[in-house]
Amino acid sequence: MQFTFVTLFSNLIECYFQDSILKRAMDKDIFHVDYFNPRDFSKSKHMKVDDTAVGGGAGMVMNPQPLYDALKALKQQDKNVYIIFLTPVAKPFKQNDAKRLAKKTHIAFVSGRYEGIDERVMETFGDELFSIGDYILTGGELASLVICDAISRNLEGVLGNSESLDIESFESSLLEAPSFSKPKSYEKSSVPSEYLKGNHSKIRSLKLALSECKTKFFRPEQLLKHRIRKSYEK
């Protein structure tokens, strides 16, 4: 898998791949990362990449020319690259998207800056547009990393134990059950006793009940989805 980050600030992204699971995956050649800077493609005298918004309004907008030419060059390099724009005015990114996109061979993440990206560039090059939440960030780099991380975990060999994926939140409609580690008791708080008895059937039942409780508290709409799905399965 190849990940390309189209960004004005690659240094914000590079450090994320220097440690932990993703570094080990890169060392094993499971995926590779490179960068395209739109400023390198600017034709303006001072390498500008932004301009005032047509129609007025506060702030600057990413000028179409540098980003358009950067993405054109990227497509010439690999016609099969799948280009994703990160913007708050898009559909929300979900776990199923991460699993689906993990089957691609080359994904490019385009990080916006200023007040956003010229719409014409997104219409020309965007294979998909995603938002990671209903809030505004300074730029798209963090959103790009979030989605790249979620996709990477679904690549074969990235996780030490692939079965870890099966129990994570959003693999079903429920949030993941609470996790505990040793020691059994810490600061007057103990692990649920059923976890310690070795009856895996009862442990699974308890985890399901706890998962439903957590989902009901934090994400009640997900619990409704779970119950509707279960009713169809009967």
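The values are calculated or read from the model by the stated rules, or taken from the named source; none is laboratory data. These numbers come from a predicted model, not from an experiment. Neighbour counts are summed over all protein chains in view; Cβ atoms, including those assigned to glycine, are modelled from backbone coordinates with ideal geometry.
Residue check: is LEU67 at pLDDT below 90 and either within 26 Å of the chain's Cα centre (by Cα) or surrounded by 15 or more Cβ atoms within 10 Å (Cβ to Cβ) (or both)? Here the answer is yes, as LEU67 does meet what is asked. Of all the criteria given as (1) exposed (fewer than 13 other Cβ atoms within 10 Å of the Cβ); (2) assigned to a helix (DSSP H, G or I); (3) small (Gly, Ala, Ser), the one not satisfied by ALA143 is (1). Residues that are surrounded by 14 or more Cβ atoms within 10 Å (Cβ to Cβ), of a type in the set (Ser, Thr, Tyr) and under 21 Å from PHE17 (Cβ atoms) within region 111-140 comprise just one, SER111.
Per the conditions (1) over 19 Å from HIS106 (Cα atoms); (2) of a type in the set (Phe, Trp, Tyr); (3) without any contact (Cβ under 8 Å) to a residue 24 or more places away in the chain, the sole criterion not satisfied by PHE41 is (3). The residues on offer are TYR135, TYR114, and the sole one that is over 30 Å from GLU156 (Cβ atoms), touching a residue at least 60 places away in the same chain (Cβ under 8 Å) and of a type in the set (Ser, Thr, Tyr) is TYR114. Looking at this structure, is SER179 loosely packed, with under 11 Cβ neighbours inside 10 Å and in a loop (DSSP other than H, G, I, E, B)? Yes, satisfied.
Determine which member of the set MET62, MET122 is closer than 18 Å to ALA143 by Cβ, among the hydrophobic types (A, V, I, L, M, F, W, C), touching a Lys or Arg at 6+ places or on another chain (Cβ under 8 Å) and without any contact (Cβ under 8 Å) to a residue 60 or more places away in the chain. Being closer than 18 Å to ALA143 by Cβ, among the hydrophobic types (A, V, I, L, M, F, W, C), touching a Lys or Arg at 6+ places or on another chain (Cβ under 8 Å) and without any contact (Cβ under 8 Å) to a residue 60 or more places away in the chain holds for just one of MET62, MET122, which is MET62. Considering (1) modelled with pLDDT of 85 or more; (2) at negative phi; (3) of a type outside the set (Ser, Thr, Tyr), the lone condition that ARG229 does not fulfil carries the number (1).
A search for C-beta distances below 7 Å between a residue of region 181-207 that is without any contact (Cβ under 8 Å) to a residue 60 or more places away in the chain and any residue that is in a strand (DSSP E or B), counting only pairs 6+ apart in sequence or on different chains, returns LYS184/SER190. State all residues of region 91-128 that are part of a strand (DSSP E or B) and either at pLDDT 90 or above or on the phi > 0 side of the Ramachandran plot (or both); if no residue qualifies, say none. Of everything in region 91-128, those that are part of a strand (DSSP E or B) and either at pLDDT 90 or above or on the phi > 0 side of the Ramachandran plot (or both) turn out to be LYS91, PRO92, HIS106, ILE107, ALA108, PHE109, VAL110, SER111, GLU128. Applying a threshold of 8 Å to beta carbon distances and a minimum spacing of six or more residues, or different chains, the list of pairs starting in region 140-158 at a residue that is farther than 21 Å from PRO38 by Cα and ending at one that is among the basic types (Lys, Arg) reads ASN154/LYS99; GLY157/LYS28.
Scanning region 92-119 for residues that are under 15 Å from GLY140 (Cβ atoms) and among the basic types (Lys, Arg) returns a single hit, ARG113.
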